[in-house]
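Some notes on the structure that comes next.
Read-outs throughout are calculated quantities, based only on the coordinates presented, and are distinct from any laboratory measurement. Keep in mind it's a predicted model, so treat the numbers as computed, not measured. Virtual Cβ from ideal backbone geometry, glycine too; neighbours counted across all protein chains shown.
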Amino acid sequence: MLRMLFGEEPREWTGMALDTVQSIEQFTSQASKLAERYPEQSSKYRTYAIWAEGLLRSMDELEQSYYAANRYAGLIKHTYVDELSYKDQLNYYRHVYYDKNAYIRVFALLDKLGTLLNQLLDLRTERYKSRFSYFTMLRNLRENQLHSQLMKPLTELKERHQGAMNRLRDRRNLEIHQMNAELKDDLTQKLANLGSRHTLEDLIANMADLDQAWKMSLGSLNESFQFACKWLRKME
């Protein structure tokens with residue numbers, strides 16, 4: 001959808017992304033069939049199917065926001081705010097919008113995935129924290145040595161991308177609880193009395209973090225739904 005902003009054709013999933021979409025669709029189909037086969041448990045299986053459909057939409061929305069943020073960042077060639085033309089400013093604000101949209105969606109998607117896995121595998125993570133995150137669910141898997149075929153690849157993905165995810169979590173928390181995250185550098189420079197010229201935040205570094213977050217999200221979905229499809233086969 002957002003590729004039309006750049007005069008491009010709609011995206012077609014390929015590679016791991018295509019595999020992930022197919023796994024989610026397969027899980028949705030399996031859950032729907034189980035709902036019909038076992039009417040007394042239909043509510044549970046239909047809920048799984050709806051949650052999976054929601055995750056597929058979340059994956060699509062995250063990828064589009066990530067793509068648009070990256071494309072607009074590539075249009076910004078200046079370092080200082082006062083160097084930006086009116087057109088540059090518009091592109092910068094568009095980048096900020098989609099970048100912010102993307103890193104907030106990363107954690108929302110992962111938390112939805114954690115909720116689905118918690119229910120599907122009866123992990124009862126809510127015993128540790130009533131409103132738990134994806135990372136609490138993963139810690140539950142790890143500390144209790146549950147479902148090692150899923151826990152190990154998910155943990156490896158978390159550890160591989162931990163630095164980027166920590167930085168994005170800080171930006172997300174700043175955005176939600178304190179101030180617009182893109183204004184943090186402005187405040188820091190003013191407090192440090194660095195002069196009247198304000199530099200833009202490091203867009204290249206920010207996009208590198210978002211790239212890692214997309215890879216972690218995609219990998220986590222891929223591993224989770226491959227495992228989840230196998231899990232539902234046991235219910236047939």
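Remarks
- Dipole moment magnitude, nearest 20 debye, the stretch 16-233 about Cα centre, only Lys, Arg, Asp, Glu C-beta charged: 640
- Rule-of-thumb Rg ratio for the chain [Cα; 2.2 N^0.38 Å; N residues]: 1.16
- For the pair the stretch 65-130 / the stretch 19-60, the C-alpha centres are spaced 26 Å from each other.
- Taking 29 Å as the limit for the C-alpha separation, the pairs Lys77/Lys100; Lys33/Lys100; Lys100/Lys129; Lys112/Lys234; Lys100/Lys234 exceed it in the case of Lys33/Lys100; Lys100/Lys234.
- Packing, taken as the mean count of other beta carbons within 10 Å per residue, orders the peptides 112-121, 216-225 from highest to lowest as 216-225, 112-121.
- Candidates Lys44, Lys87, Lys100: whichever shows maximal mean-square fluctuation once the chain is modelled as a Gaussian network with Cα springs under 10 Å: Lys87
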